[in-house]
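Report on the following structure.
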Amino acid sequence: MTKLEAIIRPNKFESVKAALIKLGVEGMTATEVRGHGRQKGHTEVFKGREYEVDLLPKIKLELVLNDDIVEKVIESILTTAYTGLIGDGKIFVYKVDDVVRIRSRERGIAAI
């Protein structure tokens, strides 16, 4: 099993979610987060005053997947979340040793 964490632009969330559902992804966790990478934020003007926005809003998607679908999911996120601009996001890939469903105590793939 593999866990993917994808940090994407908020305006890309609905299209990425739809693409993942179309691939058969049954579960995901989405969290509103703030952060920056190389883009380091930007300067904005509000009520005549200039201020720096250094932590930008993003969406963090977390998915635990059967290994046979991981590459398709990565490609789908890459295609759907892409704008070509700085700040498109990143995908982190982790190996998962085990999953346990609390309600039924199922383990492994059955618990996803």
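Summary table
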item	result
Per-region count, the stretch 53-84, residues assigned to a loop (DSSP other than H, G, I, E, B) and farther than 14 Å from Phe13 by Cα	4
Scan of the stretch 85-106 for residues that are part of a loop (DSSP other than H, G, I, E, B), at pLDDT 95 or above and open to solvent by less than 90 Å² (accessible area, probe 1.4 Å), ordered by number	Val96, Asp98, Val99, Arg101, Ser104, Glu106
Scope the stretch 1-52; condition aliphatic (A, V, I, L, M) and either exposed (fewer than 10 other Cβ atoms within 10 Å of the Cβ) or touching a His at 6+ places or on another chain (Cβ under 6 Å) (or both); matching residues	Val45
Residues being open to solvent by less than 40 Å² (accessible area, probe 1.4 Å) and either over 16 Å from Val25 (Cα atoms) or touching a Ser or Thr at 6+ places or on another chain (Cβ under 8 Å) (or both) - total across the stretch 64-84	4
Number of the exception - Glu50 against (1) assigned to a helix (DSSP H, G or I); (2) in contact with a strand residue (DSSP E or B) (Cβ under 8 Å, 6 or more places away or on another chain)	(1)
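The values are calculated or read from the model by the stated rules, or taken from the named source; none is laboratory data. Note that this is a predicted model, so its numbers are computed, not measured. For neighbour counting, all protein chains shown are included, and Cβ atoms are generated from backbone atoms with ideal geometry for every residue, glycine included. The accessibility values were calculated without ligands, DNA or RNA, using every heavy atom of the protein model including side chains. Shrake-Rupley method; radii C 1.70, N 1.55, O 1.52, S 1.80 Å.
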